[in-house]
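Here is the structure we will look at.
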2 protein chains.
Amino acid sequence: MEMKTSATTEMKLKVKNTGLDAGEKAVVILNEKDVEKLGIFSMNRVIVKKGKYDITCIVNSSKRFVREGEIVLYRESAEELRARPGDTILVRPRPELESKRFIHEKIAGKELTCRKIRAIVDDLLERNLNDLELAALITTLQIRGMTEKEVYYFTKAMIDTSKKITFGGKVLDKHSIGGVPGDKTTLLVVPIVAAAGLKIPKTSSRSITSPAGTADRMEVLTNVEFSADDIKKIVRKTNACIVWGGALDLAPADDLFIEIEHPLSMDPLLIPSVLAKKKVMGSNTVVIDIPLGSHTKVNCMRDARELAKKFITVGKRIDIKLKVLVTYGEQPIGHSIGPNAEARDVLETFAYHKSPDLIDKAASVAGVLLEMAGKRNGKALALNIFNSGKAEKKLREIIEAQGGDRRIKPEDISLGPKHITFKAKKSGFVTSINNTMLVDACKTAGAPKEKGACIELYKKLGDSVRINEPLFTLYSNKTRKLNEALKFINHSSAFEISKRKEVPARRMLLTVFS
Amino acid sequence: MEMKTSATTEMKLKVKNTGLDAGEKAVVILNEKDVEKLGIFSMNRVIVKKGKYDITCIVNSSKRFVREGEIVLYRESAEELRARPGDTILVRPRPELESKRFIHEKIAGKELTCRKIRAIVDDLLERNLNDLELAALITTLQIRGMTEKEVYYFTKAMIDTSKKITFGGKVLDKHSIGGVPGDKTTLLVVPIVAAAGLKIPKTSSRSITSPAGTADRMEVLTNVEFSADDIKKIVRKTNACIVWGGALDLAPADDLFIEIEHPLSMDPLLIPSVLAKKKVMGSNTVVIDIPLGSHTKVNCMRDARELAKKFITVGKRIDIKLKVLVTYGEQPIGHSIGPNAEARDVLETFAYHKSPDLIDKAASVAGVLLEMAGKRNGKALALNIFNSGKAEKKLREIIEAQGGDRRIKPEDISLGPKHITFKAKKSGFVTSINNTMLVDACKTAGAPKEKGACIELYKKLGDSVRINEPLFTLYSNKTRKLNEALKFINHSSAFEISKRKEVPARRMLLTVFS
């Protein structure tokens, strides 16, 4: 049963200004009795009016901080209303939002139209929907799922309400939906593709829940925070960039949804989020990577296929040529987890092919991109570019264009001074690596904030080990954090060693959907 | 896909106290960069520690109000931690809540066990779950519904975490799930039942979304705010009371859920909410009224039956003898909407049987209660008590016991001085009354806060009218509000008049489920 609420009272209140700064949200504080008199609740919106000026604000209710008949305006609101302490202003409940009704329609199981989804996104951007309503929306989308049409409408609304960056011509990009630790593939894919003469302006996120995001890794090697104009210059010079996307204010609706999704540990808007961010960055040829593993976001091929299908259909509708790759995600990529170890692993892999699985994955992803851009034998071409040293040269060009030192060597990157090495307790083969344990330990050691907090792996799935051989080392800047991190590791289940040999996938690329 | 988050960083921050008062919630304000460094989000919980003291707080994130390295503690938290400005304290993210995981299980479609529901209710009461998580829970319950077991577990958890009031012996009660305007039945049922020598301590709510709740109506006649001890005295004296339940802090979990449900316009916890409140008030013999109508909460008999079944099953499990009545809810009850008009209507109905539908409904509800308490021919007995004047005498006793004037007369109650009367534009029969229009107009006129804002009805469904005969009058204290309210009324659709005659139900009681 849905309850109807509509309140219509209006009140006169006396302004009590404070120096409080509510950030981006316009908030007013009223005494709880006044909130009740208005017939509304904390978190509801009111229209606050003084003379010819009026603004919409969120109501916070307080027992003692504000007396009855008084209102606290935050600084920005007071300025906007030209209101000073002692002034009398009018406060009335804002009429019910149309978009709130649309959320209730989705709760009731109805499909949302383009217009309704746009209304929701507009009210999101204008901060008209409060956090409760947004949490209700996200939960509903999580439970009910979305039709392909709805996914498209959300994507379109996010794009249409964003500014755009344009590069012109074929613009390539890749995106991993994440979930596999140590996935530094982008740091190889981007230089390979750019070295082939193609444009690939890559924006990445910092880590939110993992020990390192691509932006965190790249930041070990060079700067990653740039304006849109700077990015254009870097791309003009090198065909590529690897920068943090967070400062560009692209697809702002996506950022606002994420503010609700993350604390709720939900991501029903994954596809609109990824595709809108690509589209407004001008990308038109995109590879999506779905790591498949026991502990990644997608655990079975059927789910991967369904997700891939939606990605491709919606991609088509917004004029993005798109392929979806399913890749092996059972263990960390390469020999490292955490910003510094991963950046070093990348340089070492360029220098002497340290991590073959990383090379294979990067060449596979780059290969598909090259073929989508018209090249033949993509993966062979990608490997060729990698082996010839052109990719490394390109990475160093990008590092320099972003203000870093192109001559950076692996040994310039230091890992945390406090460390402990775990050794095999018996001989045999590695049959299981517990990603979650390693990730939790690495984060507890300080990653991603402390870039030296990381893990180096010496053995991977299928490798043979002798008793007392080192398996991995955990690094931290501080003994206290190292000890804290150790609690997350159960030695024998972090690396399972067994007599029987289990060989992992020999090729990182499992399936291509297009 | 569910994302896993676990953050483990710890930070040292410098206290910057303020005189801010966060009400019941412990809140700290951190600079947004520190929030990011902690790997958490605004609204997440942190554990704040100083020496041997630690507390859990909600994080608010601010751009400018707090500098990096600083923390603002609200007054209560500062006191609890013995923290003073300039002190250094430790802040770390609180580990993920078990109950949050249980909410995700329900999102995924699993049935929740008794233990899990209790954990959710405990974390609700300890303010561990934030508003986003609670909104996600409420939305999930709204979409997925609950099994009978889950309804029982929520009810039980609300009861077990509440203090109880006991009266002893047979304790009767009634509850309407609401939705029909002008439903003042309680003001007749309680005195009828009490006059028959039975105990009926009635707690009621004030209006939240309607022009008047039972507590608002009773408040026109006498006081309604009492402590548990006062209530016991009143009931000892008169066998009954009609008081506001909001001040008694009974079933506090219910109140906290309602704080989230109301702004979201959802009420998935209707049954636990009603039954827990009855149980902790000591009631053991209860009638639930489901008004059935085109605009009430339940619109078809099938839904009413399903709801009734759950009420009865769960009632049985918590030892409440319970019957569910479905009543006619197509038009307002009696001839009034809004506190003063309704109180007056009640007194006039006692005095000269003004509103026969009100008498019929009250006698039906009271009749079922009397039979549940062992009396025969309940409705006839109820009518007998009403007609004999004993019920009116009892109401006046209750009014006096609650501190009011037992001699109060209908004409002592004044309606708003500004008013407008709507007259029939043609002759015929009333075939439809638009409840929503009348309710919105009445609220806009000032109800329930301004008790004189109300509507008097002169005609009801099936009545014949001649052109220019008055249909209803809208009252308000102020011309401005009256004009505002008029906008809600479309004259010809508020009261539809037609040549064909439609006779409404002759008996208010449609069905009894037991």
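Brief remarks on what is shown
- Boolean, B:THR349 is touching a Ser or Thr at 6+ places or on another chain (Cβ under 7 Å), outside the structural domain of B:ASN434 (by TED's automatic domain parsing), farther than 30 Å from A:SER42 by Cα and crowded, with 19+ Cβ neighbours inside 10 Å: yes
- In the set (1) surrounded by fewer than 24 Cβ atoms within 10 Å (Cβ to Cβ); (2) more than 22 Å from the chain's Cα centre (by Cα), the condition left unmet by B:VAL298 is number (2).
- Qualifying positions in the stretch B:444-458 - within 13 Å of another protein chain (Cβ to nearest Cβ) and surrounded by fewer than 21 Cβ atoms within 10 Å (Cβ to Cβ): B:LYS449, B:GLU450
- Of all the residues in the stretch A:140-154, those that are in contact with a Leu (Cβ under 9 Å, 6 or more places away or on another chain) and within 11 Å of another protein chain (Cβ to nearest Cβ) number 2.
Table: residues versus (1) surrounded by 19 or more Cβ atoms within 10 Å (Cβ to Cβ); (2) at pLDDT 95 or above; (3) not assigned by TED's automatic domain parsing to the domain that holds A:ALA194.
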| site | (1), (2), (3) |
| --- | --- |
| A:LYS361 | yes, yes, no |
| A:SER364 | yes, yes, no |
| A:LEU369 | yes, yes, no |
| A:MET372 | yes, yes, no |
| A:SER388 | no, yes, no |
| A:GLU397 | yes, yes, no |
| A:PRO410 | no, yes, yes |
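- Of the helices (runs of 4 or more DSSP H) lying entirely inside the stretch A:336-407, those containing at least 1 residues that are among the polar types (S, T, N, Q) span A:339-352, A:356-372, A:378-387.
- Here A:GLU259 qualifies as of a type outside the set (Val, Ile, Thr), within 14 Å of chain B (Cβ to nearest Cβ), surrounded by fewer than 22 Cβ atoms within 10 Å (Cβ to Cβ) and part of a helix (DSSP H, G or I).
- Residue ID - nearest to the chain's Cα centre (by Cα), chosen from residues in the stretch B:142-156 that are surrounded by fewer than 23 Cβ atoms within 10 Å (Cβ to Cβ) and part of a helix (DSSP H, G or I): B:LYS156
- The stretch A:209-232, subset over 18 Å from the mean Cα position of the chain (by Cα) and without any contact (Cβ under 8 Å) to a residue 24 or more places away in the chain, residue surrounded by the most Cβ atoms within 10 Å (Cβ to Cβ): A:ASP230
- Screening B:VAL59, B:VAL48, B:VAL72, B:VAL15 for residues that are under 35 Å from the mean Cα position of the chain (by Cα), at pLDDT 75 or above and not assigned by TED's automatic domain parsing to the domain that holds B:ALA136 leaves exactly one candidate, B:VAL59.
- One residue stands out in the stretch A:301-325 among those that are within 16 Å of A:PRO272 (Cβ to Cβ), touching a residue at least 12 places away in the same chain (Cβ under 8 Å) and not hydrophobic (A, V, I, L, M, F, W, C): the one that is surrounded by the most Cβ atoms within 10 Å (Cβ to Cβ), namely A:GLY315.
- For A:LEU97, the stated conditions do not hold, so it cannot be described as within 14 Å of another protein chain (Cβ to nearest Cβ) and surrounded by 22 or more Cβ atoms within 10 Å (Cβ to Cβ).
- Of all residues in the stretch B:159-170, none satisfies being surrounded by fewer than 24 Cβ atoms within 10 Å (Cβ to Cβ) and within 14 Å of chain A (Cβ to nearest Cβ).
- The set of residues from the stretch B:103-121 being within 13 Å of chain A (Cβ to nearest Cβ) and not small (Gly, Ala, Ser) comprises B:ILE103, B:HIS104, B:GLU105, B:LYS106, B:ILE107, B:LYS110.
- Residue in the stretch A:71-79 that is at the interface with chain B (Cβ under 10 Å from one of its Cβ atoms), of a type in the set (Ser, Thr, Tyr) and under 21 Å from B:GLU259 (Cα atoms) present: no
- When the test is whether a residue is outside the structural domain of A:LYS16 (by TED's automatic domain parsing), without any contact (Cβ under 8 Å) to a residue 12 or more places away in the chain and over 27 Å from B:SER205 (Cβ atoms), A:LYS110 passes it.
- Failed item in (1) over 30 Å from B:ASN128 (Cβ atoms); (2) of a type in the set (Val, Ile, Thr); (3) in contact with a Ser or Thr (Cβ under 9 Å, 6 or more places away or on another chain), with A:ILE258 passing the rest: (1)
- When the criteria are applied in full, A:ARG115 fails the requirement of being of a type outside the set (S, T, N, Q), exposed (fewer than 14 other Cβ atoms within 10 Å of the Cβ) and assigned by TED's automatic domain parsing to the domain that holds A:VAL48.
- When A:GLY168, A:GLY179, A:GLY197 are checked against the criterion of being modelled with pLDDT of 95 or more, part of a loop (DSSP other than H, G, I, E, B) and not hydroxyl-bearing (Ser, Thr, Tyr), a single residue qualifies: A:GLY197.
- Qualifying residue in the stretch B:282-296 (condition: at pLDDT 95 or above, among the charged types (D, E, K, R) and not in a strand (DSSP E or B)): no
- Only listed residue being within 14 Å of chain B (Cβ to nearest Cβ), crowded, with 21+ Cβ neighbours inside 10 Å and either within 21 Å of B:GLY145 (Cβ to Cβ) or under 26 Å from the mean Cα position of the chain (by Cα) (or both), chosen from A:LEU137, A:LEU124: A:LEU137
- Odd one out for B:ARG92, checked against (1) within 11 Å of chain A (Cβ to nearest Cβ); (2) under 27 Å from A:GLY446 (Cα atoms); (3) touching a helix residue (DSSP H, G or I) at 6+ places or on another chain (Cβ under 9 Å): (3)
- Some residue of the stretch A:205-219 being out of contact with any Lys or Arg (no Cβ under 7 Å at 6 or more places or on another chain) and over 24 Å from A:PRO181 (Cα atoms): no
- Hits in the stretch B:459-490 (condition: assigned to a helix (DSSP H, G or I) and either basic (Lys, Arg) or more than 31 Å from the chain's Cα centre (by Cα) (or both)): B:ARG480, B:LYS481
- Residues that are touching a Cys at 6+ places or on another chain (Cβ under 7 Å), touching a residue at least 40 places away in the same chain (Cβ under 8 Å), part of a loop (DSSP other than H, G, I, E, B) and closer than 19 Å to B:SER355 by Cβ occur in the stretch B:415-424; there is at least one.
The values are calculated or read from the model by the stated rules, or taken from the named source; none is laboratory data. Small disclaimer: the values here were computed from a predicted structure and weren't measured. With ideal geometry, Cβ positions are generated from the backbone for all residues, glycine too; neighbour counts draw on all protein chains shown.
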